[in-house]
Amino acid sequence: ERWLDLTFGSDLEARHFPPAGFSGSDADGVLLRERDALLIGTWAKAAFHPTADTDLELGARLDVHRVSPLEEEGIPRTDVWGDLRFSIRHRLGDWLWVKGSAGTYHQPQSFVIDLPGMGSFTVDRGPQFAYQLSQGVEVALPWSFGLDVQVYYGDFHDLSEPQWTDGPFGEPVGEDPAPPDDPAQGWFPPLRGRSYGLEILLRRRLGEDVFGWIAYTLGRSERDYAAGAAVSDFDQTHVLNLVVSWNVGWGWRLGARFHLRSGRPYTPWECETIADPYGEHDACWPQPDARNDERLPPFYRLDIRVDKKWTFDTWWFALYFEFINLTFTAEPFEYNCTADEDGPHCGVQEIPYIVFPTLGFKGVY
């Protein structure tokens, strides 16, 4: 039996971004300019098996990121970074394993929301990176069940996320909105943060008539904003997923998926009467000293699926029906306030429920 396995490889990502097609500030022009970007990476991983009960993995990765220059500079920006990762899994008995991992992770700067066309090159200031640790146990249970529990911690650096809120006239308030001297640094100054939590996975292995899993995460994500540390704009304390599939027989299989998660945080608003050259009127804005102190309502969704499969000597054919969001649940998106001649109006904004009934087929020869 081998005690060492080596794997290695390389990957390449090339992108071209055409001009944005609209004019803006000088900083906008820098960030939305036409450009070419190239990311080349090479990696290697060594898996050691010193005993039948112990697996060790050591990995390394090197990346080179190159972005076409500003016209007046004429010199491409090139960043080079490396990562090291380590993991261990050890059997303590017939039914119990312990495991742990540690590593560094780099990637090019990315927009806070993954928008088409924005990609990962909205800023040119170098990579965002993280140090991550995890520790856990795996337990083999009766009736083909398995339990996986682990805790994790991640420390993030140089993130591109908004750090301030808008005042009644759209101006940043409550925090220092001063942009960096170099407009290529991005719309958002570098931000530091962290995340930590507990993950639990209980599953019954595939191959049984009834299989599935229950996955639960208790987590917290924080950011060091200019006004002080607070939960991240996208923090979700509780995330629950339940998946079950039942092989009824005669080629029929029934499945269901349930998802539940906590609402994202939001900053509470305040409204008051403001006097300006046009007279007195009501205005509302997020409270700068209460960043993300409140929560949106939770969101849940139920999906179902029915499959019928016909098997022949050398091929098989299946029909399936899937209904996503059977509960017709609208998703809370944000909380905001508006003011008009009737006074301020505040409330939770929702994304209308999206329902996807699907009828499909699949064949394999």
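For the residues Asp313, Asp282, the requirement of being of a type in the set (D, E, K, R) and open to solvent by 90 Å² or more (accessible area, probe 1.4 Å) singles out Asp313.
Give the residues of the range 150-192 that are small (Gly, Ala, Ser) and either open to solvent by 50 Å² or more (accessible area, probe 1.4 Å) or modelled with pLDDT under 95 (or both), sorted by residue number.
Scanning the range 150-192 gives Ser160, Gly167, Gly170, Gly174, Ala178, Ala184, Gly186.
Candidates are the residues of the range 232-273 that are β-branched (Val, Ile, Thr) and surrounded by 15 or more Cβ atoms within 10 Å (Cβ to Cβ); the one that is modelled with the lowest pLDDT is Thr267.
This table checks each residue for (1) surrounded by 11 or more Cβ atoms within 10 Å (Cβ to Cβ); (2) part of a strand (DSSP E or B); (3) modelled with pLDDT of 95 or more.
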position	(1), (2), (3)
Gly21	no, no, no
Asp28	yes, no, no
Asp36	yes, yes, no
Thr42	yes, yes, yes
Phe48	yes, yes, no
Gly59	yes, yes, yes
Ile88	yes, yes, yes
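The residues of the range 242-273 that are in contact with a Leu (Cβ under 8 Å, 6 or more places away or on another chain) and assigned to a strand (DSSP E or B), listed by number, are Ser245, Trp246, Val248, Ala256, Arg257, Phe258, His259, Leu260, Arg261, Pro265, Tyr266. Within the range 341-365, the set of residues being acidic (Asp, Glu) and surrounded by 10 or more Cβ atoms within 10 Å (Cβ to Cβ) comprises just one member, Glu350.
Thr327: β-branched (Val, Ile, Thr), modelled with pLDDT of 85 or more, within 30 Å of the chain's Cα centre (by Cα) and open to solvent by less than 40 Å² (accessible area, probe 1.4 Å), yes or no? Considered against the rule, which asks whether it is β-branched (Val, Ile, Thr), modelled with pLDDT of 85 or more, within 30 Å of the chain's Cα centre (by Cα) and open to solvent by less than 40 Å² (accessible area, probe 1.4 Å), Thr327 comes out as no.
The values are calculated or read from the model by the stated rules, or taken from the named source; none is laboratory data. Quick caveat, the model's predicted, so the values are computed rather than measured. Cβ coordinates were reconstructed from backbone atoms using ideal geometry, including for glycine residues, and neighbour counts include every protein chain displayed. Note: areas computed on protein heavy atoms with side chains; ligands, DNA, RNA excluded. Shrake-Rupley method; radii C 1.70, N 1.55, O 1.52, S 1.80 Å.
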